[in-house]
Amino acid sequence: MSSRSPPRDISIRSLQQGWLGRFQAMGSPCELLCESRTRSAARQLTNLVAAEAWRVEDKFSRYLSGNVIDRINSAQGEPVLVDDETANLLDFADTLYELSNASFDITSGVMRQVWNFDGSDTLPSQEQVSRVLARVGWRKGRWVRPTLRLPADMEIDLGGLGKEYAVDSAVLILRGHTDTPCLVNFGGDLAVTGPPQQRAAWSVGVEGVAEGRADRMIELRAGALATSGDARRFLLKEGNRYSHILDPRTGWPVADAPNSVTVAADTCTQAGMISTLAMLRGADAEIFLDDQAEQYWCRR
Amino acid sequence: MAVVAIEMARTRKNEQFISVALATATCTLLGSGLPTPVDAQEEPSWNINTAAFYYGEDGGRVQDFSIKAIAERMFVDDRVLTLGLAIDALTGATPSGAIRLDVPQTLTQPSGNATKTVPAGEYPLDDTFRDIRVALTVNWQQPFGDTNLFNVGASLSKEYDYLHVGLNAKVARNFNKRNTTLSAGIAIARDQIDPEGGIPTPFSSMLDVGDLSNRLGTDSKDILDVVVGVSQVVSRNLVVQANYSYSYSDGYLNDPYRILSIGDSVSGDTIPRTPPPGVEGPSHEYIFESRPVERTKHSFYTQAKYYMNGKVLDASYRYMTDDWNIDSHTVNLRYRWPLGASKFLEPHLRLYSQNEAEFYRLSLVDGAALPAHASTDYRLGNFDAITLGAKYGWKTRSDNDMSIRVEWYQQSGSVPANLIIGNQAGRNNYPDLNALIVQFSYRFSR
């Protein structure tokens, strides 16, 4: 395990209705809300959910050495044979690459080497951007399930979909274990196993532009919600706000992206991908969202 | 199917099929069956309660038309902002405090610049009473931890001769798996009284028109209220509550418009007087009331709510005692009776009884030493009251709540025999009161 990982423990506290289990995973605060009768039942469910979150983190985090992502990223151009779950995720990433006209690209993580979204005014030069952009492009690699061959200087990063995938995966595990209504929330991306019993709906606060302040409440009875946004990560230069949403085709931040897009969908993965694709459309985010079947809340 | 959808998404400029293709791809990724369809909607952020209210006393006495609005903004974690606005239009007459006589009586109006003559046998009423009151309230509720709820609020109300400013705070704490709640609250207020013509000196005589020599200008009172309470969930059906409240008022507690007749020690009839020639003034001797400058009240309140298959019985009792020697008892009963899924009928019965304040008088006696304090205010007298009515509520087609409440209020009192002198015995000395209350309410969200 990497030294940057926070301690792996869970805490349980009682709420007005039910229980709240909390832990840290994938760099985010994670929560399980459940309507169990007892604290010990809530603890058991939280342990299940946390175990799945930590499993996904360990397996797919690009920060950890020895996992499948590390093997791919350090293969130096050699083909890497991957397991079924990784293959499913790579298939999915491949589909998204197609659907997004190459704007969703799991090889784009290296662009962070020149873009540091810390609220400062430090912009990279076009030369720096071009240099790193040469190492971006899913099609430069060769994915033939179950083998991925990536050029030596390229990397993949599943951070753009890992959290949403982990939420859905945890929900499936919970459904297999209990009928107790639960809500799984990993850093603001969330899904429910079903409607709560003690009230009409799960009440979910969506964080607005101001950090930590929910200014919109959504009642969720089934399905999932995911939010993409740059409330906290951006660059400011000469009055221009550069969102942390980078376009892998240009190497530059997407212009005029909304501050945040929240999408409701059947699964957290769908909600997360629709909101991410909408952010990547920048000024046209709402046009894109209007064409989709999903409900959305867009903030500029 | 995924491939087909992707092709369609790529070829269709409007990208309508991306979410379809994504749904299919997600299904494959998660290796699950079809997920439950999403069911999400944005919560309304404001709950707004509006009401139009009418209170009307018979015999041309007080009429109050008011509109009220309470807007409630819910935030996550049970934080709630509540804003209230009420506008009242008051008209009508209130008893001035003078007794009835078998002859006409002329009284100087509270403003001090006109007189009014009351026919023989009638209650001298003060009908100059006409006012608009605007009241604003703001409250913030904030949970602390999982078991503590904190409330702070402020209130402001203004009418022609009155300004009220108040602050309040309350804390509640849950115990025992939320079955027990302890609460404590405090409120402070300052009321500024600035009556037409100025406040009359207590126990000063009603003067002729134009003579304001007994007027003091403005005055104020401070009020402190403290309440501590406990509520307990006894069973699935029964919730009980008890609280004690302490209220202390300090300052100007008089009604600046209320007078007492000075009666003959034998006949009880008010002593006549004649204003100087060419001057309008009172036909009899009257003096302005005088109450103590402090009042301490203690109230004990208990309430039980009993839930039976959607029906709710709400019963409460309050006992109040104060250092003006008033004891009062209030019983309140409400029964909520559902009529189908979206309508209800709620009958209401309230019974009230109090004895008179130690300084309550029907009149004062000519030539006798003045008591320390005296007031004829019928609200400080010995009386019983009953409120009987019902509320009918229903859901509108847009799922908002509407209700209409109609109630009838009757107050009847009596003056203790030892306060009645001579001819006063043959008259009805306590101004009985009947009132109609109608309220229409509408609650919606936006």
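The values are calculated or read from the model by the stated rules, or taken from the named source; none is laboratory data. This structure is a prediction, so every number in the text was calculated from the model and none was measured. Positions of Cβ are backbone-derived with ideal geometry, glycine not excepted, and every protein chain shown enters the neighbour counts.
See the values below:
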| quantity | calculated |
| --- | --- |
| Unique match (being without any contact (Cβ under 8 Å) to a residue 60 or more places away in the chain and either part of a loop (DSSP other than H, G, I, E, B) or basic (Lys, Arg) (or both)) among B:Ser398, B:Ser412, B:Ser403 | B:Ser398 |
| Failed item, numbered, when B:Gln354 is tested on (1) at positive phi; (2) at pLDDT 95 or above | (1) |
| Test: B:Ala369 is surrounded by fewer than 18 Cβ atoms within 10 Å (Cβ to Cβ) and free of Cβ contacts under 8 Å to residues at least 24 places away in the same chain | yes |
| Among the candidates B:Arg318, B:Arg291, residue that is among the basic types (Lys, Arg), closer than 30 Å to B:Ala98 by Cα and assigned by TED's automatic domain parsing to the domain that holds B:Tyr248 | B:Arg291 |
| Residue pairs meeting the criteria (Cβ under 7 Å; at least 6 apart or on separate chains; first closer than 17 Å to A:His244 by Cα, in the range A:275-291; second in a helix (DSSP H, G or I) and among the hydroxyl-bearing types (Ser, Thr, Tyr)) | none |
| Count of residues meeting criterion [surrounded by 16 or more Cβ atoms within 10 Å (Cβ to Cβ) and without any contact (Cβ under 8 Å) to a residue 60 or more places away in the chain] in the range A:71-84 | 1 |
| The range A:124-138, subset farther than 27 Å from A:Met26 by Cα and touching a residue at least 40 places away in the same chain (Cβ under 8 Å), residue surrounded by the most Cβ atoms within 10 Å (Cβ to Cβ) | A:Val129 |
| Elements of type strands (runs of 3 or more DSSP E) contained in the range B:28-139, each with 2 or more residues being modelled with pLDDT under 90 and within 30 Å of A:Leu183 (Cα to Cα) | B:39-42, B:46-57, B:63-74 |
| Unique residue being within 14 Å of chain A (Cβ to nearest Cβ) and farther than 30 Å from A:Ala93 by Cα when the list is B:Phe65, B:Phe53, B:Phe75 | B:Phe75 |
| Residue identified as surrounded by fewer than 17 Cβ atoms within 10 Å (Cβ to Cβ), of a type in the set (Asp, Glu) and over 27 Å from B:Ala242 (Cβ atoms) among B:Glu289, B:Glu358 | B:Glu358 |
| Breaking point among (1) closer than 16 Å to A:Trp54 by Cα; (2) among the aliphatic types (A, V, I, L, M); (3) loosely packed, with under 14 Cβ neighbours inside 10 Å, for A:Val144 | (1) |
| Answer from B:Asp208, B:Asp250 - the residue that is in the same structural domain as B:Val312 (by TED's automatic domain parsing) and part of a loop (DSSP other than H, G, I, E, B) | B:Asp208 |
| Residues that are surrounded by fewer than 17 Cβ atoms within 10 Å (Cβ to Cβ), within 14 Å of another protein chain (Cβ to nearest Cβ) and in a strand (DSSP E or B), drawn from the range B:146-181 | B:Asn148, B:Arg173, B:Phe175 |
| Residue match in the range A:32-39 (condition: farther than 23 Å from A:Ala226 by Cα, surrounded by 18 or more Cβ atoms within 10 Å (Cβ to Cβ) and within 14 Å of another protein chain (Cβ to nearest Cβ)) | yes |
| Some residue of the range A:43-58 being more than 24 Å from A:Arg145 (Cβ to Cβ) and free of Cβ contacts under 8 Å to residues at least 12 places away in the same chain | yes |
| Qualifying positions in the range B:115-145 - loosely packed, with under 13 Cβ neighbours inside 10 Å and in contact with a Ser or Thr (Cβ under 8 Å, 6 or more places away or on another chain) | B:Thr117, B:Arg130, B:Val134 |
| Qualifying residues in the range B:5-22 (those that are buried (at least 21 other Cβ atoms within 10 Å of the Cβ) and modelled with pLDDT of 70 or more) - the one farthest from the other protein chains (Cβ to nearest Cβ) | B:Phe17 |
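Rundown of residues vs (1) loosely packed, with under 15 Cβ neighbours inside 10 Å; (2) modelled with pLDDT under 95; (3) part of a loop (DSSP other than H, G, I, E, B), yes/no style:
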{"residue": "B:Ser183", "(1), (2), (3)": "no, no, no"}
{"residue": "B:Ala187", "(1), (2), (3)": "no, no, no"}
{"residue": "B:Asp191", "(1), (2), (3)": "no, no, no"}
{"residue": "B:Gly198", "(1), (2), (3)": "no, yes, yes"}
{"residue": "B:Ser213", "(1), (2), (3)": "yes, yes, yes"}
{"residue": "B:Lys221", "(1), (2), (3)": "no, no, no"}
{"residue": "B:Asp225", "(1), (2), (3)": "no, no, no"}
{"residue": "B:Gly229", "(1), (2), (3)": "no, no, no"}
{"residue": "B:Ser235", "(1), (2), (3)": "yes, yes, yes"}
